[in-house]
Structures are given as structure tokens and as C-alpha cells.
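*Asks:* I have a structure I would like to understand better, so I am pasting it below and will then ask my questions one at a time.
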Amino acid sequence: IRGTEQGTHCARYAAIAANELFGFNYTRADAWDFAKANRSVWHTKNKGDDTSYRQRLKPGQILGIRNPTSDFKKKGEYTHLALYLGTQNGKPIIMHQVGKENFLETLDELFQRKKGWYGVELIEPKN
């Protein structure tokens with residue numbers, strides 16, 4: 001993804017990737033403010049128990065993810081963003097960036113690797 005080679009924050013990475021891959025124009029914001037700057041289409045207050053968003057996922061949407069150990073956890077309900085790409089073999093595929101490292105993986109791989117992380121909000125561009 002152009003413009004993210006040196007590492008950037010996850011929200012910038014997800015917004016740039018959504019634009020390059022899907023032509024979606026998300027308003028840039030920090031992860032915890034991303035839904036306010038764009039449009040929330042699904043939100044839960046259940047701590048990891050609500051996975052109904054998986055049936056609602058559409059390619060190009062951005063998923064707000066709760067990381068309970070994040071230094072920024074007091075800023076909002078979620079502190080990480082990932083771009084949903086679609087499914088492969090029936091499994092939801094996402095791409096995201098943590099620090100300077102880029103990931104292309106299934107949601108289950110992320111949640112197995114990062115214990116305690118879970119989906120909180122689905123976001124689309126305003127337009």
C-alpha cells in the first residue's frame with residue numbers, strides 16, 4: 001500500500017488501503033474517532049460475545065477492534081482498525097498494520113494471536 005511503507009498508524013493504513021483497493025474515501029481520524037468521522041453501520045457493547053458483525057461484513061468496510069492492553073484504551077471502545085477484504089474458504093480476510101508490520105490474515109488468526117481482542121464496530125465512508 002503506497003504511503004505506508006515506513007509504518008503508520010492502523011487508521012491511516014486502513015483508510016489508504018480502502019481507497020487503493022476499493023475506491024472508498026474514508027475521512028481520516030484516529031482509530032477511536034474513526035466511526036465519528038465516517039459512518040457506523042454496526043456497534044456492540046458486548047465484550048467479545050457478539051460476533052453478529054461477521055454476517056454483515058462487506059468488502060471495503062473497516063472493523064474497529066478492541067485491544068484491552070492498548071496504551072490508548074481510555075480514548076475509546078476500540079483502539080485498532082482492520083480493513084475487511086472478503087472471504088477465502090468461508091473465512092473473513094482482513095489486512096491491517098501494527099507498528100511497521102503489515103498483516104494479511106483471517107479474523108480468527110488475529111483473534112487467536114492477540115488474545116482478548118474482539119470486534120466492536122463496523123464502519124463505512126459517509127458518502
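The values are calculated or read from the model by the stated rules, or taken from the named source; none is laboratory data. Keep in mind the model is a prediction, meaning the values are calculated, not measured. All Cβ positions, glycine included, derive from the backbone under ideal geometry; neighbour counts span all protein chains shown. Please note that ligands, DNA and RNA were not included when accessible areas were found on the heavy atoms of the full protein model with its side chains. Shrake-Rupley method; radii C 1.70, N 1.55, O 1.52, S 1.80 Å.
*Asks:* Where the second residue is in a loop (DSSP other than H, G, I, E, B) and open to solvent by 50 Å² or more (accessible area, probe 1.4 Å) and the first is over 9 Å from Gly119 (Cβ atoms) and lies in segment 48-71, which pairs have Cβ atoms under 6 Å and are six or more apart or on separate chains?
*Replies:* Gly60/Phe24
*Asks:* Being part of a helix (DSSP H, G or I), at pLDDT 90 or above and open to solvent by less than 20 Å² (accessible area, probe 1.4 Å): is that true of Ala82 here?
*Replies:* Judged against the criteria, Ala82 is not a match.
*Asks:* For a quick check of your reading of the model, give me the residue pairs whose first member lies in segment 86-112 and is within 18 Å of Tyr13 (Cβ to Cβ), whose second is open to solvent by 20 Å² or more (accessible area, probe 1.4 Å) and aromatic (Phe, Trp, Tyr), with beta-carbon atoms closer than 8 Å and at least 6 apart or on different chains.
*Replies:* Ile94/Phe103; Met95/Phe103; His96/Phe103; Gln97/Phe103; Leu110/Phe103; Leu110/Trp117
*Asks:* Which of the residues spanning segment 94-127 are surrounded by 18 or more Cβ atoms within 10 Å (Cβ to Cβ) and of a type in the set (A, V, I, L, M)?
*Replies:* Those that are surrounded by 18 or more Cβ atoms within 10 Å (Cβ to Cβ) and of a type in the set (A, V, I, L, M): Ile94, Met95, Leu107, Leu110, Val120, Leu122, Ile123.
*Asks:* Being touching an Asp or Glu at 6+ places or on another chain (Cβ under 8 Å) and within 26 Å of Phe22 (Cβ to Cβ) is the filter; apply it to segment 63-78 and report the residue that is surrounded by the fewest Cβ atoms within 10 Å (Cβ to Cβ).
*Replies:* Glu77
*Asks:* Taking into account only those residues within segment 90-127 that are part of a strand (DSSP E or B) and among the acidic types (Asp, Glu), which is nearest to Trp32 (Cα to Cα)?
*Replies:* Top of the filtered list is Glu121.
*Asks:* Any residue at all in segment 5-15 that's among the hydrophobic types (A, V, I, L, M, F, W, C), modelled with pLDDT of 95 or more, in contact with a strand residue (DSSP E or B) (Cβ under 7 Å, 6 or more places away or on another chain) and open to solvent by 20 Å² or more (accessible area, probe 1.4 Å)?
*Replies:* The answer is no, given that none of the residues of segment 5-15 is among the hydrophobic types (A, V, I, L, M, F, W, C), modelled with pLDDT of 95 or more, in contact with a strand residue (DSSP E or B) (Cβ under 7 Å, 6 or more places away or on another chain) and open to solvent by 20 Å² or more (accessible area, probe 1.4 Å).
*Asks:* Condition first: charged (D, E, K, R), assigned to a loop (DSSP other than H, G, I, E, B), open to solvent by 50 Å² or more (accessible area, probe 1.4 Å) and modelled with pLDDT under 95. Now tell me which residues in segment 24-62 satisfy that.
*Replies:* Arg28, Asp30, Lys45, Lys47, Asp49, Arg56
*Asks:* Within segment 21-55, which residues are over 18 Å from Lys126 (Cβ atoms) and out of contact with any Gly (no Cβ under 9 Å at 6 or more places or on another chain)?
*Replies:* Lys45, Asn46, Lys47, Asp49, Ser52, Gln55
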